[in-house]
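Asker: Mind looking over this structure? Questions follow.
FYI, it's all coordinate maths here, none of it is from the lab. None of the values given here were measured: they were computed from a predicted structure. Here Cβ is always computed from backbone atoms with ideal geometry, including for glycine, and neighbour counts include all displayed protein chains.
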Amino acid sequence: MSKKTLTLMSKDKQLFNIEEHLAVQSVTIRNMVKEDGASSVIPLPRVDSETLALVIEYLNRQQAPEEDEDYVKKFVDERGEIPTLLELAQAALDLDIKKLMDAACMKVADLIKDFTLEEVREALRIENDRTPEEEKAIRDEFQWAF
Amino acid sequence: MASNQSLPSTSTNNDSTKKITDMDMDSLLHCTSHLNLQDLSNMAVSCKFFNRLVSSDSIWRRLFRERWPQQEAFIISQASGVREAYMARYRALQQFKFVDPVVNHLYIPTKCSDILLSKDAIYVSLGPRIQTLNIDKLLEGEVSLASLNDHRARITSMRLFPLKETSLFWNEAPINENVLVTSSCDHSIRLWWEGSCKQCFIGHIGPVTILSDKLLGDGTGKVFASGGEDSTVRLWSLSSIGRRRQHALKATLYGHEKPIVLMSVTGHGASHLVSVSKDSKVRVWDASISASDHNSSCVGTTSVSGVPVGMKCHDSLIYIAAGSSFEAVDLRTMESVFRTSTHLGRLYSFDIMPSSFLACTGGNGRAMLWDIRKSTGTGEAGPMAELDEHIGPVTHLHMDPYKIVTGGPRDPWVKIWQADTGKQTNMLIVSPLQKGCFGFAADGFRIVTADYNRINHNREEGLLCFRDFSNAVSLGSLSDEISGSKF
């Protein structure tokens with residue numbers, strides 16, 4: 001008999017097949033398989049199909065162990081779009097795929113690291129939800145760190 | 001199937017514009033493990049959601065561990081309030097409240113006239129020489145001392161300017177480096193970097209007495225200012241260093257009639273410069289106005305009474321200490337808007353934290369803390385607190401958001417006070433020579449003090465004492481009650 005295949009379903013109900021021994025790199029999927037045998041479709045209601053395709057691509061990689069670090073880094077680096085990167089980071093965390101999660105989170109952190117407040121706000125499209133008075137208060141509170 | 005019940009009912013919302021604030025807290029917490037205090041502060045300020053995130057104990061536990069690895073056991077035992085614990089320790093270290101800092105000593109041949117402290121070096125001026133001391137090496141117990149010997153007469157002023165603001169050597173230098181600029185009685189100003197003199201600025205006719213505290217101008221056209229015994233203020237370009245040295249002198253500003261003794265760049269657009277001459281006359285210059293007609297650069301004048309002691313500009317105000325009082329002058333009107341009482345005796349030193357509305361003056365036997373918001377207008381303000389029990393004049397003063405440091409040449413102790421209340425937090429012996437404080441430089445967690453002893457008419461010695469509180473652990477009992485005998 002050939003290797004066992006699992007079917008994953010994205011938030012928008014698209015189905016993806018992946019060999020079980022590759023899928024269980026995700027601790028979340030491994031636990032689900034252990035719990036109920038998971039002979040049927042595994043729903044991943046927080047992951048959209050675009051992101052799930054990326055995750056599957058990652059899980060299917062055929063890297064020699066010594067090249068794996070570089071591969072993960074490159075894989076994440078290629079996700080230039082911030083929303084894609086955020087989705088990927090979230091999915092990696094939800095699915096508990098350690099290396100991918102670490103690399104994606106590091107890349108998210110790079111969007112903040114060493115930038116000024118204004119640059120961070122602009123790059124991440126964060127809306128200032130404070131009144132000018134509240135903003136001044138919080139700036140004063142954190143003044144010591146600067 | 002049991003697992004199917006978690007299928008989402010609305011799956012059409014597959015937008016490609018996920019924002020960082022849509023991520024859940026756990027994911028974001030994972031991301032923050034790569035960020036430092038500065039980055040996290042930016043996050044907290046950027047929006048309320050991030051502020052909640054940054055309040056998390058796990059973040060502060062990590063920051064605490066990274067900053068003070070030896071204190072790990074303590075912070076692991078804290079179940080909550082980790083951020084508060086971090087802040088409390090940070091504040092106490094900033095206020096030197098500990099009795100066990102790392103201490104290093106270094107003998108110097110003579111009396112130091114000025115000390116500067118940068119992230120990795122101590123700069124001491126000794127007559128015509130500057131000695132630079134590598135701090136990392138010093139902490140390893142090794143003395144790595146470099147001497148800068150090009151000046152031929154006494155050094156009058158030393159400044160460190162951030163290299164990144166100067167547009168000098170920018171492509172080869174790390175971002176946080178400083179250039180050292182010194183003025184001397186040999187009529188010259190020298191710029192030093194990496195242990196050697198990179199440029200000599202010549203133009204003053206007579207000793208150069210003072211350098212501006214900051215750089216003037218914006219972008220690429222940065223200049224610094226100097227004042228001399230020739231009563232002129234001169235502006236020097238930092239962008240023409242190299243072959244075209246003759247162009248470094250950008251302008252000579254005439255108007256003062258006596259040697260310049262104080263100089264400060266205003267926070268207002270950084271193109272205004274204030275100078276005070278020995279006869280207590282104050283002039284404001286607009287450095288952006290072309291120097292072809294000298295008089296047009298001077299945009300305001302006033303005068304203070306008594307010997308000029310210290311000056312600092314902030315926003316549109318100039319704070320000047322002279323004689324026995326200090327006052328604030330509004331740059332736009334050149335009117336005095338605040339003045340302290342003159343009945344408390346001669347001043348020897350002055351420092352100010354304009355952002356927290358506090359100033360400090362050094363007098364004879366004590367220093368005084370002032371709240372500059374109180375009694376603005378015509379009335380004369382009284383001190384908010386007296387920092388007492390010094391021997392002799394308080395000639396050296398440092399003020400930062402956490403502490404005030406005071407010292408004088410007749411007192412073998414340097415004293416540390418809480419900046420907001422004037423309450424004493426510690427006292428430090430200047431050096432084992434136990435003569436007095438002939439200079440010090442302090443920053444967040446560190447202080448270097450200089451002592452001097454004249455043994456007889458041809459023998460003298462100086463001693464520097466460097467203390468680093470960053471990893472101190474034993475809290476002194478001094479913050480509550482203090483008496484000299486406790487040491």
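Asker: Enumerate the calculated ³J(HN,Hα) couplings along the range B:200-211 in order (Karplus 6.51 cos²θ - 1.76 cosθ + 1.60, θ = phi - 60°), each rounded to whole Hz, writing x wherever the residue is Gly or Pro.
Answerer: Per-residue couplings from phi come out as 10, 9, 10, x, 5, 9, x, x, 8, 9, 7, 10 Hz.
Asker: Exceeding 19 Å between C-alpha atoms, which entries from my cross-link table qualify? They are B:K214/B:K281; A:K136/B:K312; A:K4/A:K34; B:K97/B:K403; A:K136/B:K48; B:K164/B:K312.
Answerer: B:K214/B:K281; A:K136/B:K312; B:K164/B:K312
Asker: Let me ask something additional. Relative contact order for chain B using alpha-carbon pairs under 8 Å, separation at least 6, rounded to a whole percent?
Answerer: This gives 11 percent for chain B.
Asker: Let me ask something else. What do you get for the angle between helix A:132-142 and the principal long axis of chain A? Use alpha-carbon atoms, 0 to 90 degrees, nearest ten.
Answerer: So the helix axis and the longest Cα principal axis differ by about 80 degrees.
Asker: Rank-order B:397-409, B:424-436 by packing density, defined as the average count of other C-beta atoms within 10 Å over each peptide's residues, highest first.
Answerer: Averaged packing, sorted descending, gives the order B:397-409, B:424-436.
Asker: Quick one: work out Rg over Rh on the C-alpha atoms of the protein assembly as shown, Rh as Kirkwood radius.
Answerer: Rounded to two decimals, Rg over Rh is 1.07.
Asker: How big is the gap, in Å, between the Cα center of the range B:297-323 and the Cα center of the range A:47-126?
Answerer: So the two Cα centres are separated by 55 Å.
Asker: Let me ask you something else. Using θ = phi - 60° and the Karplus curve 6.51 cos²θ - 1.76 cosθ + 1.60, what whole-Hz ³J(HN,Hα) does each residue of the range B:146-161 get, with Gly and Pro shown as x?
Answerer: Values, residue by residue: 10, 10, 10, 10, 6, 5, 9, 8, 3, 7, 9, 7, 10, 9, 10, 10 Hz.
Asker: In chain B, which Cys residues have no partner Cys with a Cβ closer than 4.7 Å?
Answerer: Within chain B, the cysteines lacking a partner Cβ under 4.7 Å are B:C47, B:C112, B:C185, B:C197, B:C200, B:C298, B:C313, B:C360, B:C437, B:C465.
Asker: Can you list residues from other chains, or at least 5 along the same chain, whose modelled amide H is less than 5 Å from the amide H of B:D411?
Answerer: So B:D411 has HN proximity to B:C437.
Asker: For the range B:131-139, what does the Karplus curve 6.51 cos²θ - 1.76 cosθ + 1.60, with θ = phi - 60°, yield as ³J(HN,Hα) per residue in whole Hz, taken in order and with x for Gly and Pro?
Answerer: Working through the residues one at a time gives 10, 10, 10, 6, 6, 4, 5, 4, 5 Hz.
Asker: Fewest first, what order do B:Y254, B:Y86 take by the number of other Cβ atoms within 10 Å?
Answerer: In increasing order of surrounding Cβ atoms, one gets B:Y254, B:Y86.
Asker: Sequence-distant or interchain residues sharing an amide H contact under 5 Å with B:T209, placed H: which?
Answerer: Correct list: B:G227, B:G228, B:E229.
Asker: Using a Gaussian network model of chain A whose springs link C-alpha atoms within less than 10 Å, name the residue from A:P83, A:P65, A:P132 with the highest mean-square fluctuation.
Answerer: Of A:P83, A:P65, A:P132, the most mobile in the Gaussian network model is A:P132.
Asker: Angle check, please: helix A:98-110 long axis (alpha carbons) against the longest principal axis of chain A (alpha carbons), in degrees 0 to 90, nearest 10.
Answerer: Once rounded, the angle reads 20 degrees.
Asker: With a cut-off of 8 Å between alpha carbons and a minimum separation of six or more residues, what is the relative contact order of chain A in percent?
Answerer: Relative contact order of chain A: 19 percent.
Asker: If we count GluC sites (Glu not before Pro) as exposed when they sit in a DSSP loop and have at most 14 other beta carbons within 10 Å, what is the longest stretch of chain B that avoids them all?
Answerer: The longest such stretch corresponds to B:258-480.
Asker: A further question on this structure: Please rank A:K136, B:K198, B:K281, fewest neighbouring Cβ atoms within 10 Å first, as an exposure proxy.
Answerer: Fewest to most other Cβ atoms nearby, the residues stand as A:K136, B:K198, B:K281.
Asker: Can I ask one more? Can you list residues whose amide H is under 5 Å from B:E460's amide H, if they're 5+ apart or on another chain and H is modeled 1.01 Å from N?
Answerer: B:I455
Asker: Would you mind classifying the range A:1-68 by shape? Square roots of the alpha carbon gyration tensor eigenvalues, ordered a ≥ b ≥ c; an a/c under 1.5 is rounded, otherwise it is prolate if a/b is larger than b/c and oblate if not.
Answerer: Judged from the Cα gyration tensor, the range A:1-68 comes out oblate (a/c at least 1.5, b/c at or above a/b).
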